[in-house]
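All remarks here apply to the structure that follows.
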Amino acid sequence: MLEFILMLQTSGMALLMTIILATSAISMAYMNVRTLKKQSLRQQVQNKRLQKDMRALSKSAIGMGQKLLDTDRKLSDVLKKQFAILNSQPEHPSYDQASHLIAMGATEDDLVNTCGFSHGEAELLLSLKRQSQPSSSHVH
């Protein structure tokens, strides 16, 4: 019988130790579950914040893309207009403009600087204009 009591005491202690270990394991598991829930909530909040930021960045990128396209269209229009203007103007300065300047008393240098003529062209224009005007000494 003593053996039986000793056996009960030994098995009771083993049972008690098992219960203590099981309780500790359950307690640790419960704490781990709570910690994981808290982490999960924090991650969900952070995920929502990141999604909001991503939407804002996407909208911003789309807006910048639209502005870039608008600017590109405007630049293209300006370049087309500039090309049309350059093609509509003669390569050489207007002789009408030079004639008007000569009538106002422009010099050879004025024609070179203003109209872009060479000195020879400017000199020729001035001499043609002088020949076409009657001089005051020949008037009777």
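Need the failing condition index for Glu121 against (1) at pLDDT 85 or above; (2) exposed (fewer than 14 other Cβ atoms within 10 Å of the Cβ); (3) assigned to a helix (DSSP H, G or I), just the number.
Failed condition: (2).
Mind checking which residues of the stretch 54-94 are within 30 Å of Thr114 (Cβ to Cβ), at pLDDT 80 or above and not hydrophobic (A, V, I, L, M, F, W, C)?
The answer is Lys80, Lys81, Gln82.
For Ala14, are the conditions met, namely being closer than 30 Å to Leu125 by Cα and outside any loop (DSSP other than H, G, I, E, B)?
So Ala14 fails the test.
The values are calculated or read from the model by the stated rules, or taken from the named source; none is laboratory data. None of these values were measured; they are calculated from a predicted model. All Cβ positions, glycine included, derive from the backbone under ideal geometry; neighbour counts span all protein chains shown.
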